[in-house]
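Note sheet for the following structure.
The values are calculated or read from the model by the stated rules, or taken from the named source; none is laboratory data. The structure presented is a predicted model; accordingly, all values stated were derived computationally and were not measured. Here Cβ is always computed from backbone atoms with ideal geometry, including for glycine, and neighbour counts include all displayed protein chains. The area values use the complete protein model at the heavy-atom level, side chains included, leaving out ligands, DNA and RNA. Shrake-Rupley method; radii C 1.70, N 1.55, O 1.52, S 1.80 Å.
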Amino acid sequence: MNEENAPLSRFRFQRMLETLEKKEGRGTELITVYIPPGKQVSEVMSDLRSEWGTAGNIKSKTTKKNVQDALTKVMERLKLFRKIPENGLVLFAGAVASDQLGVGDMETYVVIPPEPISIYYYRCEHRFMLEPLWELLRTEDTYGILVMDSKDATFALLKGQRADIVREITSGVPGKHRAGGQSSRRFERLREMQLNEYFTRIGKYTTEIFLDVPYLKGVIVGGPGPTKEDFVKGKYLHYELKDKVLTVVDTGYTGIEGVKEVVDRSRDFLRNVRFYEERRVVQEFLRHIGHDTGLAVYGEREVIRALQSVNIRVLILSEGVRRVLVALKCRECSSTETQIVDLDDLESFEQSLKDKRCTKCGTGFYDVEKREDLIEALVGMAEEADAEIEMISSQTEEGEMLKSFGGIAGILRYRQFQ
Ligand SMILES: [Zn+2]
(Lines give C-alpha, C1' and ligand atoms only; values in the text may rest on other atoms or scores of the structure.)
Protein backbone atom coordinates (compact mmCIF):
# COMPACT_ATOMS: atom_id res chain seq x y z
CA MET A 1 0.00 0.00 0.00
CA ASN A 2 1.16 3.49 -0.78
CA GLU A 3 0.79 5.32 2.47
CA GLU A 4 3.67 5.50 4.88
CA ASN A 5 1.96 3.54 7.63
CA ALA A 6 0.79 0.52 5.62
CA PRO A 7 -0.78 -1.41 8.53
CA LEU A 8 -2.80 1.67 9.47
CA SER A 9 -4.07 2.31 5.95
CA ARG A 10 -4.89 -1.36 5.61
CA PHE A 11 -6.82 -1.21 8.87
CA ARG A 12 -8.72 1.90 7.72
CA PHE A 13 -9.56 0.31 4.40
CA GLN A 14 -10.94 -2.75 6.16
CA ARG A 15 -13.06 -0.66 8.52
CA MET A 16 -14.42 1.32 5.57
CA LEU A 17 -15.46 -1.91 3.83
CA GLU A 18 -17.17 -3.05 7.03
CA THR A 19 -19.14 0.20 7.09
CA LEU A 20 -20.19 -0.07 3.44
CA GLU A 21 -21.13 -3.70 3.92
CA LYS A 22 -23.86 -2.74 6.39
CA LYS A 23 -25.64 -0.41 3.95
CA GLU A 24 -28.79 -1.72 2.36
CA GLY A 25 -31.27 -0.36 -0.10
CA ARG A 26 -35.02 -0.78 0.24
CA GLY A 27 -35.13 -2.25 -3.21
CA THR A 28 -32.54 -3.26 -5.79
CA GLU A 29 -31.19 0.22 -6.01
CA LEU A 30 -27.63 0.50 -4.69
CA ILE A 31 -25.13 1.19 -7.42
CA THR A 32 -21.56 -0.02 -7.69
CA VAL A 33 -19.15 0.92 -10.47
CA TYR A 34 -15.62 -0.54 -10.79
CA ILE A 35 -13.32 1.25 -13.23
CA PRO A 36 -9.83 -0.07 -13.98
CA PRO A 37 -6.87 2.24 -14.62
CA GLY A 38 -6.43 3.26 -18.24
CA LYS A 39 -10.16 3.45 -18.96
CA GLN A 40 -11.34 6.68 -20.58
CA VAL A 41 -13.62 8.76 -18.35
CA SER A 42 -15.74 9.68 -21.38
CA GLU A 43 -16.32 6.02 -22.21
CA VAL A 44 -17.48 5.26 -18.66
CA MET A 45 -19.74 8.32 -18.73
CA SER A 46 -21.41 7.13 -21.87
CA ASP A 47 -21.93 3.62 -20.42
CA LEU A 48 -23.48 5.15 -17.29
CA ARG A 49 -25.77 7.35 -19.37
CA SER A 50 -27.01 4.31 -21.17
CA GLU A 51 -27.62 2.54 -17.82
CA TRP A 52 -29.59 5.63 -16.78
CA GLY A 53 -31.77 5.15 -19.85
CA THR A 54 -32.24 1.42 -19.17
CA ALA A 55 -33.28 2.21 -15.59
CA GLY A 56 -36.28 3.99 -17.10
CA ASN A 57 -37.85 0.55 -17.57
CA ILE A 58 -37.93 -0.20 -13.83
CA LYS A 59 -41.55 -0.73 -12.79
CA SER A 60 -41.51 0.60 -9.24
CA LYS A 61 -41.61 4.37 -9.36
CA THR A 62 -39.53 4.88 -6.22
CA THR A 63 -36.90 2.37 -7.25
CA LYS A 64 -36.66 3.91 -10.71
CA LYS A 65 -36.17 7.36 -9.23
CA ASN A 66 -33.60 6.13 -6.70
CA VAL A 67 -31.57 4.23 -9.30
CA GLN A 68 -31.55 7.16 -11.71
CA ASP A 69 -30.67 9.61 -8.92
CA ALA A 70 -27.83 7.33 -7.81
CA LEU A 71 -26.52 7.12 -11.37
CA THR A 72 -26.63 10.89 -11.62
CA LYS A 73 -24.62 11.16 -8.38
CA VAL A 74 -22.05 8.71 -9.69
CA MET A 75 -21.70 10.66 -12.93
CA GLU A 76 -21.30 13.92 -11.01
CA ARG A 77 -18.47 12.41 -9.00
CA LEU A 78 -16.83 10.82 -12.00
CA LYS A 79 -16.82 14.15 -13.83
CA LEU A 80 -14.40 15.48 -11.23
CA PHE A 81 -11.75 13.05 -12.53
CA ARG A 82 -9.93 14.01 -15.69
CA LYS A 83 -8.25 10.64 -15.66
CA ILE A 84 -8.88 7.37 -13.83
CA PRO A 85 -6.29 7.08 -10.98
CA GLU A 86 -3.49 4.57 -11.45
CA ASN A 87 -5.09 1.98 -9.16
CA GLY A 88 -8.52 2.49 -10.71
CA LEU A 89 -11.66 3.88 -9.14
CA VAL A 90 -14.72 2.46 -7.40
CA LEU A 91 -17.93 4.44 -7.00
CA PHE A 92 -20.89 3.63 -4.80
CA ALA A 93 -24.20 5.47 -4.62
CA GLY A 94 -27.73 4.82 -3.54
CA ALA A 95 -30.62 5.55 -1.25
CA VAL A 96 -29.56 3.77 1.91
CA ALA A 97 -32.41 2.52 4.02
CA SER A 98 -32.48 4.05 7.48
CA ASP A 99 -34.35 3.08 10.62
CA GLN A 100 -36.68 6.01 10.29
CA LEU A 101 -39.64 5.49 8.04
CA GLY A 102 -39.77 7.49 4.86
CA VAL A 103 -37.08 8.16 2.31
CA GLY A 104 -33.57 6.85 2.75
CA ASP A 105 -30.59 9.10 2.44
CA MET A 106 -28.80 9.31 -0.89
CA GLU A 107 -25.21 8.41 -0.06
CA THR A 108 -22.19 8.51 -2.35
CA TYR A 109 -18.73 7.02 -1.81
CA VAL A 110 -15.61 7.33 -3.91
CA VAL A 111 -12.95 4.72 -3.23
CA ILE A 112 -9.47 4.66 -4.70
CA PRO A 113 -8.29 1.07 -4.23
CA PRO A 114 -5.00 0.47 -2.39
CA GLU A 115 -3.85 -1.86 -5.17
CA PRO A 116 -4.70 -1.82 -8.89
CA ILE A 117 -8.00 -3.37 -9.94
CA SER A 118 -8.56 -4.89 -13.36
CA ILE A 119 -12.32 -5.26 -13.57
CA TYR A 120 -14.81 -2.98 -15.27
CA TYR A 121 -18.40 -3.40 -14.27
CA TYR A 122 -21.62 -1.84 -13.19
CA ARG A 123 -24.02 -3.42 -10.70
CA CYS A 124 -27.34 -2.41 -9.28
CA GLU A 125 -28.19 -4.55 -6.28
CA HIS A 126 -29.74 -4.58 -2.86
CA ARG A 127 -26.26 -3.96 -1.42
CA PHE A 128 -22.97 -2.52 -2.59
CA MET A 129 -20.66 -5.03 -4.31
CA LEU A 130 -17.52 -5.16 -2.21
CA GLU A 131 -16.07 -8.57 -2.95
CA PRO A 132 -13.32 -7.37 -5.35
CA LEU A 133 -12.16 -4.88 -2.71
CA TRP A 134 -12.18 -7.54 0.02
CA GLU A 135 -10.14 -9.64 -2.35
CA LEU A 136 -7.47 -6.92 -2.41
CA LEU A 137 -7.17 -7.14 1.35
CA ARG A 138 -6.79 -10.88 1.19
CA THR A 139 -4.01 -10.64 -1.35
CA GLU A 140 -1.12 -12.52 0.10
CA ASP A 141 2.49 -11.66 -0.38
CA THR A 142 4.30 -13.66 -2.99
CA TYR A 143 7.85 -14.96 -2.76
CA GLY A 144 10.09 -16.19 -5.55
CA ILE A 145 11.98 -19.42 -4.94
CA LEU A 146 15.04 -20.52 -6.84
CA VAL A 147 16.53 -23.92 -6.07
CA MET A 148 19.74 -24.76 -7.87
CA ASP A 149 23.03 -26.59 -8.03
CA SER A 150 25.44 -27.03 -10.90
CA LYS A 151 23.16 -29.58 -12.59
CA ASP A 152 19.72 -28.00 -12.62
CA ALA A 153 17.61 -25.10 -11.43
CA THR A 154 13.94 -24.84 -10.47
CA PHE A 155 11.90 -21.64 -10.30
CA ALA A 156 8.76 -21.48 -8.15
CA LEU A 157 6.35 -18.91 -6.74
CA LEU A 158 5.19 -19.18 -3.15
CA LYS A 159 1.85 -17.60 -2.34
CA GLY A 160 0.33 -18.28 1.06
CA GLN A 161 0.62 -22.02 1.56
CA ARG A 162 1.05 -22.85 -2.09
CA ALA A 163 4.23 -23.17 -4.08
CA ASP A 164 3.85 -23.42 -7.85
CA ILE A 165 6.71 -24.66 -9.98
CA VAL A 166 7.07 -22.30 -12.92
CA ARG A 167 10.09 -23.69 -14.73
CA GLU A 168 12.88 -26.24 -14.53
CA ILE A 169 16.11 -26.10 -16.49
CA THR A 170 19.23 -28.23 -16.71
CA SER A 171 22.77 -26.89 -16.90
CA GLY A 172 24.57 -29.12 -19.35
CA VAL A 173 27.65 -28.44 -17.23
CA PRO A 174 29.75 -31.58 -16.79
CA GLY A 175 30.62 -32.86 -13.32
CA LYS A 176 33.82 -31.84 -11.60
CA HIS A 177 35.73 -34.90 -12.72
CA ARG A 178 37.13 -34.81 -16.20
CA ALA A 179 37.18 -37.72 -18.58
CA GLY A 180 40.56 -39.31 -19.23
CA GLY A 181 42.78 -37.69 -21.83
CA GLN A 182 41.59 -34.07 -21.33
CA SER A 183 44.03 -31.54 -19.97
CA SER A 184 42.88 -30.47 -16.55
CA ARG A 185 43.38 -26.76 -17.17
CA ARG A 186 41.44 -26.86 -20.39
CA PHE A 187 38.71 -28.85 -18.66
CA GLU A 188 38.47 -26.34 -15.82
CA ARG A 189 38.31 -23.39 -18.23
CA LEU A 190 35.62 -25.03 -20.26
CA ARG A 191 33.61 -25.89 -17.17
CA GLU A 192 33.98 -22.32 -15.90
CA MET A 193 32.60 -20.99 -19.19
CA GLN A 194 29.68 -23.37 -19.18
CA LEU A 195 28.86 -22.52 -15.60
CA ASN A 196 28.96 -18.84 -16.47
CA GLU A 197 26.57 -19.43 -19.35
CA TYR A 198 24.28 -21.46 -17.07
CA PHE A 199 24.26 -18.73 -14.38
CA THR A 200 23.47 -16.14 -17.04
CA ARG A 201 20.53 -18.26 -18.18
CA ILE A 202 19.28 -18.60 -14.60
CA GLY A 203 19.58 -14.82 -14.19
CA LYS A 204 17.54 -14.28 -17.33
CA TYR A 205 14.79 -16.63 -16.12
CA THR A 206 14.63 -15.04 -12.68
CA THR A 207 14.07 -11.67 -14.38
CA GLU A 208 11.42 -13.15 -16.66
CA ILE A 209 9.61 -15.03 -13.90
CA PHE A 210 10.02 -12.90 -10.77
CA LEU A 211 10.55 -9.28 -11.72
CA ASP A 212 7.00 -8.37 -12.71
CA VAL A 213 5.17 -10.46 -10.12
CA PRO A 214 2.82 -8.11 -8.24
CA TYR A 215 3.41 -7.99 -4.49
CA LEU A 216 6.69 -9.91 -4.75
CA LYS A 217 8.06 -9.56 -1.24
CA GLY A 218 11.34 -11.32 -1.72
CA VAL A 219 13.37 -14.11 -3.24
CA ILE A 220 14.70 -17.17 -1.45
CA VAL A 221 17.54 -19.14 -2.95
CA GLY A 222 18.16 -22.74 -1.96
CA GLY A 223 20.08 -25.79 -3.05
CA PRO A 224 22.76 -28.26 -2.00
CA GLY A 225 26.39 -27.16 -1.97
CA PRO A 226 28.05 -23.80 -2.62
CA THR A 227 26.91 -23.23 -6.25
CA LYS A 228 23.88 -21.13 -5.19
CA GLU A 229 26.13 -18.78 -3.17
CA ASP A 230 28.42 -18.33 -6.18
CA PHE A 231 25.38 -17.48 -8.25
CA VAL A 232 23.97 -14.96 -5.75
CA LYS A 233 27.35 -13.27 -5.24
CA GLY A 234 27.92 -12.91 -8.99
CA LYS A 235 26.29 -10.29 -11.17
CA TYR A 236 23.75 -12.56 -12.78
CA LEU A 237 20.68 -11.33 -10.92
CA HIS A 238 18.79 -8.21 -11.94
CA TYR A 239 19.71 -5.55 -9.34
CA GLU A 240 16.09 -5.19 -8.14
CA LEU A 241 15.89 -8.93 -7.51
CA LYS A 242 19.32 -9.01 -5.91
CA ASP A 243 18.01 -6.50 -3.36
CA LYS A 244 15.09 -8.81 -2.71
CA VAL A 245 17.09 -11.93 -1.88
CA LEU A 246 16.01 -12.51 1.71
CA THR A 247 17.97 -15.58 2.57
CA VAL A 248 19.93 -18.50 1.14
CA VAL A 249 19.12 -21.94 2.54
CA ASP A 250 20.81 -25.31 2.26
CA THR A 251 18.72 -28.18 0.99
CA GLY A 252 19.44 -31.83 0.36
CA TYR A 253 17.79 -31.88 -3.05
CA THR A 254 17.06 -29.75 -6.08
CA GLY A 255 13.88 -29.88 -8.19
CA ILE A 256 10.42 -30.16 -6.65
CA GLU A 257 11.81 -31.82 -3.52
CA GLY A 258 14.22 -28.96 -3.06
CA VAL A 259 11.41 -26.40 -3.38
CA LYS A 260 9.45 -28.25 -0.69
CA GLU A 261 12.47 -28.17 1.58
CA VAL A 262 12.91 -24.43 1.03
CA VAL A 263 9.25 -23.78 1.82
CA ASP A 264 9.41 -25.86 5.02
CA ARG A 265 12.57 -24.21 6.21
CA SER A 266 11.42 -20.69 5.41
CA ARG A 267 8.02 -20.73 7.15
CA ASP A 268 9.17 -19.29 10.43
CA PHE A 269 11.60 -17.03 8.72
CA LEU A 270 8.92 -15.53 6.46
CA ARG A 271 6.50 -15.08 9.31
CA ASN A 272 9.15 -13.19 11.20
CA VAL A 273 9.99 -11.00 8.22
CA ARG A 274 6.36 -10.07 7.79
CA PHE A 275 5.65 -9.38 11.42
CA TYR A 276 9.14 -8.31 12.43
CA GLU A 277 8.28 -4.69 13.16
CA GLU A 278 5.12 -5.36 15.15
CA ARG A 279 6.76 -8.10 17.19
CA ARG A 280 9.69 -5.82 17.97
CA VAL A 281 7.38 -3.05 19.23
CA VAL A 282 5.30 -5.32 21.46
CA GLN A 283 8.46 -6.91 22.83
CA GLU A 284 9.79 -3.48 23.72
CA PHE A 285 6.55 -2.68 25.50
CA LEU A 286 6.70 -5.97 27.42
CA ARG A 287 10.30 -5.32 28.38
CA HIS A 288 9.28 -2.03 29.98
CA ILE A 289 6.53 -3.84 31.88
CA GLY A 290 8.89 -6.64 32.94
CA HIS A 291 11.63 -4.29 34.16
CA ASP A 292 9.16 -1.89 35.68
CA THR A 293 10.80 1.07 33.97
CA GLY A 294 7.69 3.21 34.34
CA LEU A 295 7.69 3.80 30.58
CA ALA A 296 4.89 1.39 29.66
CA VAL A 297 1.27 2.43 29.76
CA TYR A 298 -1.89 0.48 28.89
CA GLY A 299 -5.65 0.73 29.18
CA GLU A 300 -7.72 3.21 27.21
CA ARG A 301 -8.09 5.92 29.86
CA GLU A 302 -4.43 5.78 30.85
CA VAL A 303 -3.30 5.91 27.23
CA ILE A 304 -5.61 8.81 26.43
CA ARG A 305 -4.28 10.72 29.45
CA ALA A 306 -0.69 10.11 28.35
CA LEU A 307 -1.53 11.21 24.80
CA GLN A 308 -3.10 14.38 26.08
CA SER A 309 0.02 15.21 28.04
CA VAL A 310 2.07 14.59 24.86
CA ASN A 311 4.01 11.89 26.61
CA ILE A 312 3.56 8.92 24.27
CA ARG A 313 6.42 8.03 21.97
CA VAL A 314 4.82 4.91 20.45
CA LEU A 315 1.10 4.21 20.44
CA ILE A 316 0.42 0.47 20.13
CA LEU A 317 -3.03 -0.59 18.93
CA SER A 318 -4.47 -4.03 18.35
CA GLU A 319 -6.49 -4.33 15.13
CA GLY A 320 -9.09 -6.26 17.09
CA VAL A 321 -10.24 -3.29 19.18
CA ARG A 322 -13.84 -2.44 18.28
CA ARG A 323 -14.82 0.31 20.66
CA VAL A 324 -16.47 3.67 20.27
CA LEU A 325 -15.68 6.94 22.01
CA VAL A 326 -19.01 8.64 22.73
CA ALA A 327 -19.12 12.32 23.68
CA LEU A 328 -22.13 13.26 25.82
CA LYS A 329 -23.52 16.67 26.67
CA CYS A 330 -26.04 17.54 29.35
CA ARG A 331 -29.14 19.32 28.05
CA GLU A 332 -29.44 21.40 31.25
CA CYS A 333 -25.99 22.45 32.36
CA SER A 334 -24.09 21.75 29.11
CA SER A 335 -21.37 19.83 30.92
CA THR A 336 -19.69 17.18 28.82
CA GLU A 337 -18.25 13.76 29.40
CA THR A 338 -17.00 10.86 27.33
CA GLN A 339 -17.78 7.17 27.53
CA ILE A 340 -16.07 4.29 25.80
CA VAL A 341 -18.32 1.40 24.79
CA ASP A 342 -18.07 -1.72 22.68
CA LEU A 343 -19.29 -1.20 19.14
CA ASP A 344 -21.76 -4.03 19.65
CA ASP A 345 -23.20 -2.38 22.75
CA LEU A 346 -23.50 1.10 21.25
CA GLU A 347 -27.20 0.86 20.53
CA SER A 348 -28.18 -0.41 23.97
CA PHE A 349 -25.88 2.15 25.58
CA GLU A 350 -27.65 4.96 23.74
CA GLN A 351 -31.02 3.50 24.74
CA SER A 352 -29.91 3.49 28.38
CA LEU A 353 -29.22 7.24 28.25
CA LYS A 354 -32.98 7.82 28.42
CA ASP A 355 -32.89 6.89 32.10
CA LYS A 356 -29.57 8.47 32.94
CA ARG A 357 -29.33 11.88 34.61
CA CYS A 358 -26.32 14.17 34.37
CA THR A 359 -23.71 13.44 37.01
CA LYS A 360 -22.96 17.15 37.44
CA CYS A 361 -26.34 18.82 37.87
CA GLY A 362 -28.36 15.72 38.60
CA THR A 363 -31.38 16.89 36.59
CA GLY A 364 -30.52 17.04 32.89
CA PHE A 365 -30.47 14.20 30.39
CA TYR A 366 -27.62 13.56 27.99
CA ASP A 367 -27.46 14.11 24.26
CA VAL A 368 -24.93 12.24 22.14
CA GLU A 369 -22.67 14.90 20.65
CA LYS A 370 -20.29 12.67 18.76
CA ARG A 371 -19.44 9.01 18.14
CA GLU A 372 -15.95 8.13 17.02
CA ASP A 373 -14.19 4.85 16.44
CA LEU A 374 -11.82 4.59 19.40
CA ILE A 375 -8.85 3.62 17.25
CA GLU A 376 -9.41 6.58 14.91
CA ALA A 377 -9.77 8.86 17.93
CA LEU A 378 -6.48 7.58 19.38
CA VAL A 379 -4.73 7.82 16.02
CA GLY A 380 -5.87 11.45 15.76
CA MET A 381 -4.53 12.22 19.24
CA ALA A 382 -1.26 10.43 18.44
CA GLU A 383 -0.81 12.52 15.31
CA GLU A 384 -1.35 15.68 17.37
CA ALA A 385 1.17 14.45 19.92
CA ASP A 386 3.65 13.44 17.23
CA ALA A 387 3.70 9.83 18.43
CA GLU A 388 4.51 6.83 16.24
CA ILE A 389 1.51 4.61 15.56
CA GLU A 390 1.86 0.82 15.41
CA MET A 391 -1.08 -1.32 14.36
CA ILE A 392 -0.68 -4.86 15.65
CA SER A 393 -2.36 -7.87 14.07
CA SER A 394 -3.43 -10.93 16.01
CA GLN A 395 -1.23 -13.18 13.94
CA THR A 396 1.72 -13.39 16.27
CA GLU A 397 2.18 -14.47 19.86
CA GLU A 398 3.03 -10.86 20.69
CA GLY A 399 -0.23 -9.69 19.11
CA GLU A 400 -2.14 -12.12 21.32
CA MET A 401 -0.28 -10.86 24.38
CA LEU A 402 -1.19 -7.27 23.58
CA LYS A 403 -4.85 -8.28 23.73
CA SER A 404 -4.43 -9.23 27.37
CA PHE A 405 -3.52 -5.56 27.96
CA GLY A 406 -6.82 -4.49 26.40
CA GLY A 407 -5.27 -4.03 22.96
CA ILE A 408 -4.32 -0.43 23.68
CA ALA A 409 -0.89 0.44 24.98
CA GLY A 410 1.96 2.85 24.67
CA ILE A 411 5.60 3.50 25.36
CA LEU A 412 6.19 6.81 27.11
CA ARG A 413 8.79 9.44 26.40
CA TYR A 414 9.51 9.98 30.10
CA ARG A 415 8.28 8.61 33.40
CA GLN A 416 5.04 10.03 34.67
CA PHE A 417 4.81 11.34 38.19
CA GLN A 418 1.62 10.44 39.90
ZN1 LIG B 1 -26.07 18.59 33.74
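With a Förster radius of 25 Å applied to the beta-carbon distance between ARG162 and LYS235, the computed FRET efficiency rounds to 0.20. Only one residue of ALA409, VAL110, THR254 has its Cα farthest out toward the positive end of the dipole of the chain, where Lys and Arg carry +1 and Asp and Glu -1 on Cβ, and that residue is THR254. Net charge of the neighbourhood of ALA306, taken over other residues with C-beta under 12 Å away and scored Lys/Arg +1, Asp/Glu -1, is +3. How much net charge surrounds TYR253 when only the other residues with a Cβ under 15 Å from the Cβ of TYR253 are counted, with Lys and Arg +1 and Asp and Glu -1? Its environment carries a net charge of -3. About its Cα centre, the dipole of segment 339-418 is roughly 640 debye, where the only charges are +1 on Lys and Arg Cβ and -1 on Asp and Glu Cβ. For the pair segment 352-374 and segment 121-173, the centres of their Cα atoms are 53 angstrom apart. Residues in the chain average 56 Å² of solvent-accessible surface per residue, probe 1.4 Å, ligands and nucleic acids excluded.
Could you check how much of the accessible area of segment 1-78 is carbon and sulfur, as a whole percent, using a 1.4 Å probe? Roughly 48 percent of what the probe reaches on segment 1-78 is carbon or sulfur. Say the cut-off is 24 Å between C-alpha atoms; which of LYS204/LYS244; LYS23/LYS159; LYS23/LYS73; LYS22/LYS356; LYS228/LYS260; LYS39/LYS79 go over it? Pairs exceeding the cut-off: LYS23/LYS159; LYS22/LYS356.
For segment 184-247 versus segment 59-81, the inter-centroid distance based on Cα atoms is 56 Å.
When the Cα gyration tensor is reduced to axis lengths a ≥ b ≥ c, the ratio a/c is 1.5 or higher for the chain, and with a/b not above b/c it is classed as oblate. Take segment 117-272, drop everything but the C-alpha atoms, weight them equally and run the Debye formula without solvent; then report log10 I(q)/I(0) at 0.10, 0.13, 0.21 Å⁻¹ to two decimals. Values, matching the q order: -0.45, -0.66, -1.30. Among PHE128, HIS177, ILE58, whose Cα lies farthest out toward the positive end of the dipole of the chain, if unit charges sit on the beta carbon of Lys, Arg (+1) and Asp, Glu (-1)? So the residue furthest toward the plus end is HIS177. Think of each Lys and Arg Cβ as +1 and each Asp and Glu Cβ as -1; about the Cα centre, that makes the dipole of the chain roughly 980 debye. Using unit Cβ charges (K, R positive; D, E negative) and no other charged atoms, how large, in debye to the nearest 20, is the dipole of segment 305-375 about its Cα centre? Here segment 305-375 has a charge dipole of around 360 debye.
Ranking GLU384, GLU131 by solvent-accessible area of protein heavy atoms (1.4 Å probe, all protein chains present), from largest to smallest, gives GLU384, GLU131.
Of TRP134, TRP52, the order by accessible heavy-atom surface (1.4 Å probe, DNA, RNA and ligands excluded), from most exposed downward, is TRP52, TRP134. Taking Cβ separations below 4.7 Å as the criterion for a possible disulfide partner, the isolated cysteines in the chain are CYS124. One chain, two ends: LYS356 and ARG201. Fully extended at 0.36 nm per residue, the span grows by 48.2 nm beyond their Cα-Cα distance.
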